[in-house]
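The values are calculated or read from the model by the stated rules, or taken from the named source; none is laboratory data. All values reported here derive from a predicted model rather than from experimental measurement. Cβ sites come from the backbone with ideal geometry, for glycine too, and all protein chains shown count toward neighbours.
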Amino acid sequence: MKIIPFSHLFNAMWSQGTVRTQTKTKFICKAFQVPGYVQHGCGNMAIVHFSQMLEAGARANQFTFASVLTACAIAADLGYGRQVHVHLIMSGFDLNVFVGNALITMYVKCGSIEAARRTFDEIPEPNLISQNAIIAGYVQHGFDWDALTIFSQVQQLGIGADEFTFSSVLAACASLVAVEQGRAIHARMVRSMFKSNVFVGSALVDVYAKCGYIADAYKVFDKMPEKDTVLWNSIIAGYVHNKQGEKAMKQLHRMQREGIQPDRFSLVSILGACICAEYLNYGKQVHAYTIQTRLNSNLSLNNALINMYVWCGRIDNARLVFDKMAEHNIVSWTAIIAGFVHEKHEDEALKIFCKMQQAGMKPNQFTFATILSACGSLATLENGKQVLAQTIKIGFVTNVCVQNSIIAMYAQCGNLEESKKVFRDAPERDVVTWNAIISGCAQHGHGNEALQLFENMQDLGVNPDSRTFVCVLSACRHAGLVKDARHIFDSMICDYGIIPRLEHYACMVDLLGRVGQLHQAMDFIKQMPIEPNASMWQTLIGACKVHGNVELGKYAAERILELEPQAAETYVLLSNIYAAAGRWDDVAYMRNLMSERGVIKDPGCSWIEVQNRVHTFTVGD
């Protein structure tokens, strides 16, 4: 909002006779100080001086009201803002578009979008500023369809649109992944001569990228006559969003060649493209760049670095970044906890969770979901119950993400009945909820019940995803349901168009191996369109050991040793197969081969929970 010069403000009010002579000196001070404090962002002080001005007997005009409403927005003081609203109605300024626009902005920034809309509707002749304020308010509060609807309605009044209007409605389209509405706005922009505006261009690139039309996003980007940092960031983030990390990196290099240095937003985006071991070295270069440019103190950038190292399997680097951070937020804590859970160091994740609480940081739903997963993996039911009590106290127990973790935690800790109870009482169920309970039944050998849940899920219109089929096939595997598994495997491809991954094939191989159909399992592996990994061959070796098939076990072992020559468990499994068959010379040969190749078997370990602490021990401890 444009602030009227102090002298103009006072003269206007004085000429209207709104200031009594005896309070002239005092009012001059107060009247001048209200907009002055607003200009410097001191909302509370502006409110105080406005109150003192009224107590001095002065009457405010539209400029003063607009200034104090801006102060209420700065201070997020909705209560006082409503009082000012009442006062300006009593003063006859409620239909003034200038004051009305300030009211809309105040209500939006104070979180009362309903009051903002009522104010907008009461303005007899809203202008472009009115339109922009209410549309931006809807977008900020997540009411994207309302933003697009009111944009369509207001345009019929002939108000028009500017770069702020277009950027807001395009942001709504991006959030809704509404590409057709985005294209319609794009066409209007071209007619309105805004196609070369870099501010709007960035928003348009964002729409096309988030809707999956990255080629169209690049066309918009490439045609912009001038490119600023925001526009470069939009196309880089677009490529990352569409999982085209290499192209994102090329754009970052091109950006630097054209003399524009990346900022923290550029680097956060590019780190999102480095979340696999293939790009770990590039991520390390970005890390070095942040240190060189002194951006390594930025919180969001450090959080992105932690996340990158976690997904690249470098939890040690992630912990180093975390420990060096001057400050942490809930994203930092959750990221490092999730990292240790991802790397199967659940006990360390629990320790960090305790440190987080000691530091006074309140967990969010993602933190709770992650730490409940750790409790489930460790089968530490008491710890899980303590975390559950906290979710109830804070109010996250009804969150679907947390509920899913509770279902999985109970099942992993051996309490399937409690897991079923949480599932039955869940007010909201998504595909992950169904996956959790189906997986729980599978783990406990309740194959037929898992299949019944799978049918119920489909009857209720919930489409299974790739993970669902892993859970259902696992249920068939544990229950030996070969016929059902073959039908479900075919249904995944034919009915749902889901391309099987290694884990789906592994479930089928394991199932066939368990029921003794070793040659069928071997044929299944040979017919796979993707190369089997070492884990799948190990599954087959395990089945060969159970059913005494030495030759097939030897063949599978040779395939594993081609992939992982240092896999100690392969030597041990094959040695056990030979021992079961009484081939002691071959047993001795395998042990000598391990010694010659320097292969050392890690000792197996177990753990037990005593007084809420997890104790790990190996043979001889």
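Among the residues of the range 314-336, write down those that are of a type in the set (Lys, Arg) and not in a helix (DSSP H, G or I). Spell out the reasoning first.
Restricting attention to the range 314-336, the residues satisfying the condition of being of a type in the set (Lys, Arg) are 314, 319, 324.
Passing the criteria: only Arg314.
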### Query
Checking Phe166 against (1) within 23 Å of the chain's Cα centre (by Cα); (2) part of a helix (DSSP H, G or I), which test does it fail?
(1)
### Query
Looking at this structure, is Leu552 closer than 23 Å to Ala485 by Cα and assigned to a helix (DSSP H, G or I)?
no
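In the range 352-367, how many are outside any helix (DSSP H, G or I) and touching a residue at least 24 places away in the same chain (Cβ under 8 Å)? Can you show your working first?
Narrowing the range 352-367 to residues outside any helix (DSSP H, G or I): 359-364.
From what is left, the residues that are touching a residue at least 24 places away in the same chain (Cβ under 8 Å) are 359, 361-364.
Number of matching residues: 5.
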### Query
Among the residues of the range 208-225, is any modelled with pLDDT under 90, surrounded by fewer than 22 Cβ atoms within 10 Å (Cβ to Cβ) and among the β-branched types (Val, Ile, Thr)?
no
### Task
Select from the range 121-135 the residues that are of a type in the set (A, V, I, L, M, F, W, C) and crowded, with 23+ Cβ neighbours inside 10 Å and write down the one among them that is nearest to Ile74 (Cα to Cα).
Ala133
### Query
So which residues in the range 239-296 are hydroxyl-bearing (Ser, Thr, Tyr) and over 24 Å from the mean Cα position of the chain (by Cα), if there are any at all?
Tyr289, Thr293
### Message
Yes or no: the range 570-582 includes at least one residue that is closer than 30 Å to Thr380 by Cβ and either at pLDDT below 70 or of a type in the set (Phe, Trp, Tyr) (or both).
### Response
no
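Residue-wise test of (1) in contact (Cβ under 8 Å) with a residue 40 or more places away in the chain; (2) within 28 Å of Ala436 (Cα to Cα); (3) basic (Lys, Arg).
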{"position": "Asn303", "(1), (2), (3)": "no, no, no"}
{"position": "Asn329", "(1), (2), (3)": "no, no, no"}
{"position": "His345", "(1), (2), (3)": "no, yes, no"}
{"position": "Leu350", "(1), (2), (3)": "yes, yes, no"}
{"position": "Ala369", "(1), (2), (3)": "no, yes, no"}
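Name the single residue that is nearest to Glu569 (Cα to Cα) among those in the range 492-532 being assigned to a loop (DSSP other than H, G, I, E, B) and in contact with an Asp or Glu (Cβ under 9 Å, 6 or more places away or on another chain).
Step one: of the range 492-532, the residues assigned to a loop (DSSP other than H, G, I, E, B) are 495-501, 515-517, 527-532.
Within this subset, residues satisfying the condition of being in contact with an Asp or Glu (Cβ under 9 Å, 6 or more places away or on another chain) are 496, 498.
Numbers: Tyr496: 37, Ile498: 33 Å.
So the residue we want is Ile498.
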### Message
Tell me yes or no: at least one residue of the range 298-306 is surrounded by fewer than 21 Cβ atoms within 10 Å (Cβ to Cβ), under 25 Å from Thr367 (Cα atoms), at pLDDT below 95 and over 18 Å from the mean Cα position of the chain (by Cα).
### Response
yes
### Query
Looking at (1) buried (at least 18 other Cβ atoms within 10 Å of the Cβ); (2) closer than 20 Å to Ile499 by Cα, which is the one condition that is false for Lys420?
(2)
### Task
Name every residue in the range 71-84 that is surrounded by fewer than 24 Cβ atoms within 10 Å (Cβ to Cβ) and of a type outside the set (A, V, I, L, M, F, W, C), in order of residue number.
Asp77, Gly79, Tyr80, Arg82, Gln83
### Query
Does the range 213-229 contain at least one residue that is closer than 25 Å to Asn296 by Cβ and either of a type in the set (A, V, I, L, M) or within 29 Å of the chain's Cα centre (by Cα) (or both)?
yes
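Take Val310 and decide whether it is modelled with pLDDT of 90 or more and either part of a loop (DSSP other than H, G, I, E, B) or among the hydrophobic types (A, V, I, L, M, F, W, C) (or both). Even if it seems obvious, please write down each step before you answer.
Numbers: modelled with pLDDT of 90 or more: yes; either part of a loop (DSSP other than H, G, I, E, B) or among the hydrophobic types (A, V, I, L, M, F, W, C) (or both): yes.
Spelling it out, Val310 is indeed modelled with pLDDT of 90 or more and either part of a loop (DSSP other than H, G, I, E, B) or among the hydrophobic types (A, V, I, L, M, F, W, C) (or both).
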### Query
Given Ala436, Ala408, Ala450, which one is in contact with a Cys (Cβ under 8 Å, 6 or more places away or on another chain) and buried (at least 21 other Cβ atoms within 10 Å of the Cβ)?
Ala450
#### Entry: Residues (touching a residue at least 24 places away in the same chain (Cβ under 8 Å) and polar (S, T, N, Q)) located in the range 223-260
Thr229, Asn233, Ser234, Asn242, Gln244
### Message
Against the condition over 25 Å from the mean Cα position of the chain (by Cα) and surrounded by fewer than 23 Cβ atoms within 10 Å (Cβ to Cβ), how does Asp430 come out, does it pass?
### Response
no
### Summary
Checked pairs for the range 168-191, first hydroxyl-bearing (Ser, Thr, Tyr), second surrounded by 15 or more Cβ atoms within 10 Å (Cβ to Cβ) and in a helix (DSSP H, G or I), C-beta under 6 Å and 6 or more apart or across chains, list as Ser168/Ile135; Ser168/Ala136; Ser168/Val139; Ser175/Asp144
### Task
With the condition kept exactly as written, say whether any residue in the range 418-425 is under 22 Å from the mean Cα position of the chain (by Cα) and over 20 Å from Glu343 (Cβ atoms).
no
### Message
Show me the helices (runs of 4 or more DSSP H) entirely contained within the range 29-132 in which 1 or more residues are more than 22 Å from Trp145 (Cα to Cα), at pLDDT below 75 and touching a Lys or Arg at 6+ places or on another chain (Cβ under 6 Å).
### Response
43-55
### Pair list, Cβ under 9 Å, 6 or more apart: the range 547-573 residue touching a residue at least 40 places away in the same chain (Cβ under 8 Å) and on the phi < 0 side of the Ramachandran plot, other residue of a type in the set (Val, Ile, Thr) and in a helix (DSSP H, G or I)
none
